[in-house]
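Contents: one structure, followed by commentary.
Values quoted throughout were computed directly from the atomic coordinates according to the rules given, and no laboratory measurement underlies them. The structure displayed is predicted, hence computed values, not measured ones. Cβ atoms come from the backbone with ideal geometry, glycine included; neighbour counts cover every protein chain shown.
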Amino acid sequence: MISRNVKSIEISGIRKFFNKVTQFPEAVSLTLGQPDFNVPEKIKSAMIEAIEKNKTGYTSNAGIEELRNEISRYLEGFNISYGSDEICITIGGSEALLSTFAALLNPEDKVLIPNPAYPAYESCVKLLGAQVINYDLKQDFSIDFNNLQNLIDEQKPKLMVLSYPSNPTGAVLTEKDRNKLFELLKDKNIIVISDEIYSALCYEEKYYSIAQCKDIKSKIILVSGFSKMFSMTGLRLGYVCADKKIIDQIIKVHQYNVSCAPSIVQWGAHEGLRNCLEDVEKMKNEFIERRDYVYNRLISMGMESNLPKGAFYIFPSIKKFNLDSEKFCERLLREAKVAAVPGSAFGIGGEGYIRISYSYDIKTLKEALDRMEKWVNEDF
Ligand SMILES: Cc1ncc(COP(=O)(O)O)c(C=O)c1O
């Protein structure tokens, strides 16, 4: 009765584990990918005003021109150039991803996906009957260029997903790797989907993106959104940017799926880009403090970890404990009453790691890390 493609995918490992956590009400959970800040006040007011002014009808399929213009201006600040007619406002980054894959993939097409990575990429590709090929990341979760080049040459994939700043690893794209990627991609027949939903939460001085390489603009599709940037995960707003020829095809899929993104939220994000970037800066600074705190605590309890450079996750190694990540998290939950996500939820490359989200206040983080430290010291 159910489609073969749908049967080939499962609900996300993150959700599965989250459901387990609800059976332990006394546990401190560090599992969610959702900032704990309120939506900036000006965004709330703009949405209320939009309701009061009855801006509640369908918008154009691509989204209101005013917001697309603001996105265009905002991206220009990162040296990324897309005109308002090259942008489609979507229902979160999630819809941006699925609409993009659906517009481009035929069954059997091959898609390169980093491993470990946000699980939706693999599921979207399988849902469309296309084929996933994982590419390796190095110890610091940067791209292994030898492996990538070989896979492109041998497998001839149609698409490649880039995902920086990364969920789950917190790694970002460096200037050197951006330039290497450009050199690699410029002569290849491949399209890159660059998911940059955490770009506003990059802790490095400068932000690097493959979308800055204007000579290969026709091969790049940028996916982003406001869920993390404005702490508005439940309001469901994202966007996708691409060359006109591609975006027009993505808009067709988006049109038949959802018609348009919610009008009221579009006005909220419009206000956010105009007047709330200081709020984003404050959030970012708070995340940097939490990142430093969690990193130092993990290192001092002997949990090896890379210092995250963006997003709000840290991905420590648990290899020395000789437990797979599912078992480790299960025991951490039952015995120490702390919930973290098994690295295996992000693909085979995530085995041997756990994902800790630091989108929680310092008090919660301290309690969780105290419990974890005691457990690690006593039980291993
Ligand atoms: C890397 C990445 N891309 C996309 C999304 C989807 O974002 P949204 O909630 O806007 O659909 C997420 C959400 O966690 C994510 O981590």
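Here the relative contact order of the chain, from alpha carbon pairs under 8 Å that lie six or more residues apart, stands at 26 percent.
Using 0.36 nm per residue and subtracting the Cα-Cα separation, the extra length available between Asp136 and Asp248 on full extension is 37.1 nm. Shape class of the stretch 43-275 from the alpha-carbon gyration tensor: prolate, with a/c at 1.5 or above and a/b greater than b/c. Close amide H contacts of Arg355 (hydrogens built in the peptide plane, cut-off under 5 Å, sequence separation of 5 or more or a different chain): Val341, Gly343. Available extension along the chain between Lys7 and Ile299 is 101.0 nm, counting 0.36 nm per residue and deducting the alpha carbon span. State whether the stretch 146-270 is rounded, prolate or oblate according to the following rule on the C-alpha gyration tensor (a ≥ b ≥ c being the square roots of its eigenvalues): a/c under 1.5 gives rounded; otherwise a/b larger than b/c gives prolate, and the remaining case gives oblate. Here the stretch 146-270 falls in the oblate category.
Within the same chain, aspartates and glutamates fewer than 8 places from Lys180 are excluded, and of the rest, those with a Cα less than 12 Å from its Cα are Asp144. The simple spin-label model puts a point 7 Å past each Cα toward its Cβ; for Glu204 and Phe18 those points are separated by 2.9 nm.
A dipole drawn for the stretch 168-284 from +1 and -1 charges on Cβ atoms has a positive end, and of Trp267, Gly170, Ile221 the residue lying farthest that way is Ile221. The magnitude of the dipole of the stretch 285-379, with charges of +1 and -1 set on the Cβ of Lys/Arg and Asp/Glu and taken from the Cα centre, is near 40 debye. Here the label points at Arg274 and Ile348, each 7 Å from Cα along the C-beta direction, are separated by 5.1 nm in the simple model.
Within the same chain, lysines fewer than 8 places from Lys20 are excluded, and of the rest, those with a Cα less than 24 Å from its Cα are Lys7, Lys319, Lys327, Lys337, Lys363, Lys366, Lys374. List the lysines whose Cα sits under 17 Å from the Cα of Lys309, skipping any in the same chain fewer than 8 residues away. Those lysines meeting the cut-off are Lys138, Lys176, Lys206, Lys228, Lys282, Lys284. Peptides 44-57, 360-373, 156-169, 108-121 ordered by packing proxy, namely the average of other Cβ atoms within 10 Å per residue, highest first: 156-169, 108-121, 360-373, 44-57. Proximity of backbone amide H atoms, modeled 1.01 Å from N, is registered between Ile133 and Val111, Leu112, Ile113 at under 5 Å, excluding neighbours fewer than 5 places apart on the same chain.
A full extension of the chain between Asn38 and Glu335 corresponds to an added length of 103.7 nm, given 0.36 nm per residue minus the alpha carbon distance. In this calculation the C-beta distance from Asn150 to Tyr256 is compared with R0 = 41 Å, giving a FRET efficiency of 0.60. Net charge dipole, the stretch 43-275: roughly 280 debye, given to the nearest 20, about the Cα centre with Cβ charges of +1 for Lys and Arg and -1 for Asp and Glu.
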